[in-house]
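Taking it in order: structure first as structure tokens, then the write-up.
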Amino acid sequence: SPKVTKICCIGAGYVGGPTCAVIALKCPHIKVTIVDLNKARIDAWNSPDFKLPIYEPGLDEVVRQARGRNLFFSTDVDKAIEEAELIFVSVNTPTKKSGVRYVERATRNIANIATSSKIVVEKSTVPCRTAESMRTILEANSKPNCRFDILSNPEFLAEGTAIQDLFKPDRVLIGSLQTPEGIRACEALSEVYANWVPKDRILTVGLWSSELSKLAANAMLAQRISSINALSAICESTGANIDEVAHAIGYDTRIGPKFLKASVGFGGSCFQKDILNLVYLSESCHLPEVAAYWRQVVEMNEYQKRRFSKRVVDTLFNTITGKRIAVLGFAFKADTGDTRESAAITLIKDFLSERALVNVFDPQVEHSQIWMDLQEASPLVPLDHIKKHVTIASSALEACKGVDAIVIATEWKEFKELDWEQLYKTMNKPAFLFDGRLLVDAQKLTQIGFKLIGTAIAASLATATLLVSHNTLSKRQRRKHLEEDIK
Ligand code: NAI
């Protein structure tokens, strides 16, 4: 198989950036150029003081070692395409049927520019059989003596642990056509990974299996969260403790202990989008029961967020109008500055619609990002109005001063280690604490005096006020919205 000496990555985001920075680090003999149309993003990757555009533990160390050696960031997309033998397409793929438009644009760009043969690697998560469309575009536009081999190489890293995941992946998955050329291209990419990934962790499969495996993995992961969250609702009405239930079932080796944490719901750019992709795929395969099954995973997540907001209102004596609530955490999970689909956005939107005042604090998210997300969540509300009701605090302590309730929306480790005694003193009483991530030591905080909601200790209190109404109409409406979303 041909040796790869130059790699281009189109898309310098959460996936393209870390993935190809690690390839550069581990393969000093390969020149890696990461390109993006977004100049501000590329400038940040190139910033002299390593103020990178994304926050990811360990990332700046990787970039420090490889940048300028064999790792380059550039907005000159065409040049990088032209000189590379292997091109990763790592652009964003939003929900909606047209979500692959960026992939299509990047593919057309490759077709127009390339004057020599290329291996084109689909790194973005795409609907099943996208590789086929990419091949059609490339072949219809290619120049003589220019062949394109398409591979699917979905990324399984998790934000917050991306570098660790890339250094020691559970597996690397490469899909190719099972033709001699397809298999040769697959070998060329395998060799790149083999510089640091053990051979038995590099799985090679057919193209469609590879594409579907990524959707399947995310659907299965999200399904576990929705399952444990559905059980948490039962726990709250019965007085069972969801952490104890999770612990007990996790001991079953067939179930396993990971990804069983009940919470206010999952967020992030991937789970919902990828499941909706699977739903859409099922529908186009005329499998309505299968579509309904996976859609329910997303609906359970929406229900969980709604249920949580409602619980805050119910607990605060059925109204939060004019009350002040501290929201700790705005990122969709700990150790990232990424806010896409973050539960905090939904919660704050709900609180604002009940005319509460909100103090928010997150250790990583930029203020401008918070304003942008809140505005996008309530497009009809003027930003001025939002800014009158929301304050961005510069510490957790500041956010919690004088509030009626604290909501933990992100499992940042530092929230576990706050000076809770001090916080308690500055709050209005009763001091309600809604732990949306089951993060804090419930016993300790209850002893301090907090009224803790989100664990069995407070379950009896919750039972009294918990009135979960099943509104079938609004549910149907929601389903319609979801459907419109993916069309
Ligand atoms: P992102 O939005 O952070 O980055 C995508 C980048 O591509 C943007 O900077 C955009 O400017 C650039 N771009 C779009 N079209 C372009 C073009 N034609 N030429 C040059 N640059 C272009 O997205 P992210 O999070 O990196 O996701 C990328 C893909 O990876 C998505 O398909 C996502 O589903 C998938 N994925 C994401 C994971 C995550 O944790 N974020 C994990 C695994 C897969």
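Structure data summary
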quantity	calculated
Neighbourhood charge, 11 Å Cβ-Cβ cut-off, centred on Phe50 and excluding it, Lys, Arg +1 and Asp, Glu -1	0
Longest segment of the chain lacking GluC sites (Glu not before Pro) that sit in a DSSP loop with at most 14 other Cβ atoms within 10 Å	1-365
Separation of the Lys444 and Asn195 label points, Cα + 7 Å toward Cβ, nm	4.4 nm
Separation in nanometres of the label points that stand 7 Å from Cα toward Cβ, at Asp384 and Met372	2.4 nm
Residue-span extension gain [Asn145 to Lys3] - 0.36 nm each, minus C-alpha spacing	49.3 nm
When each of Lys323/Lys416; Lys79/Lys199; Lys123/Lys416; Lys388/Lys429 is checked by Cα-Cα distance, pairs over 28 Å	Lys79/Lys199; Lys123/Lys416
For the chain, share of DSSP beta bridges that run antiparallel, in % to the nearest 5	5 percent
Cα-only radius of gyration and Dmax that characterise the chain, units Å	24.0, 76
Potential lengthening between Lys429 and His247 on full extension [0.36 nm per residue; Cα-Cα distance subtracted]	62.2 nm
Residues Ile10, Ile392, Ile275, Ile234 arranged by fewest to most Cβ contacts within 10 Å	Ile234, Ile392, Ile275, Ile10
Residue order, fewest to most surrounding Cβ atoms within 10 angstrom, among Met134, Met372, Met300	Met372, Met300, Met134
Of all DSSP beta bridges in the stretch 72-211, antiparallel share, percent nearest 5	10 percent
P(r) tail fraction, the stretch 342-394 - alpha-carbon pairs more than 12 Å apart, %	62 percent
Burial ordering of Asp200, Asp338, fewest other beta-carbon atoms within 10 Å first	Asp200, Asp338
Loop trypsin sites (Lys or Arg not before Pro), the stretch 194-284, which have at most 14 other Cβ atoms in a 10 Å radius of their Cβ (DSSP)	Arg254, Lys258
Rounded FRET efficiency, nearest 0.05, which uses the C-beta distance separating Ser395 from Phe317 and R0 of 30 Å	0.60
14 Å beta-carbon shell around Asp252, net charge (K/R +1, D/E -1)	+3
Stokes-Einstein D for the stretch 204-306, Kirkwood Rh over Cα pairs, 20 °C, 1.002 mPa s (µm²/s)	146 µm²/s
Cα extents of the stretch 316-431 along the three principal axes, largest first (Å)	39, 33, 20
Ratio of the Cα radius of gyration of the stretch 251-330 to 2.2 N^0.38 Å, where N counts its residues	1.48
Span from the the stretch 1-76 Cα centroid across to the the stretch 337-394 one, whole angstrom	31 Å
Nearest-0.05 FRET efficiency for Trp208 and Ser117, computed from C-beta distance (R0 25 Å)	0.60
Within-14-Å neighbourhood charge of Gly402 [Cβ basis; K, R +1; D, E -1]	+3
For the stretch 113-161 and the stretch 403-439, distance of Cα centres in Å	47 Å
Simple label model, 7 Å out from Cα along Cβ direction - Ala158 to Glu421, nm	3.4 nm
Full-stretch length increase - Glu289, Glu82 - with 0.36 nm per residue and alpha-carbon distance subtracted	69.9 nm
Paramagnetic label zone (point 7 Å from Cα along Cα-to-C-beta, Ile183; backbone N under 20 Å) in the stretch 103-146	119-120
Axial C-alpha extent at least 30 Å, average Kyte-Doolittle at least -0.5 - helices from the chain (DSSP)	207-238
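Every number in this text was worked out from the coordinates using simple rules, so none of it is lab data. Only a predicted model underlies this, so the values are computations on that prediction, with no experimental measurement involved. Virtual Cβ from ideal backbone geometry, glycine too; neighbours counted across all protein chains shown.
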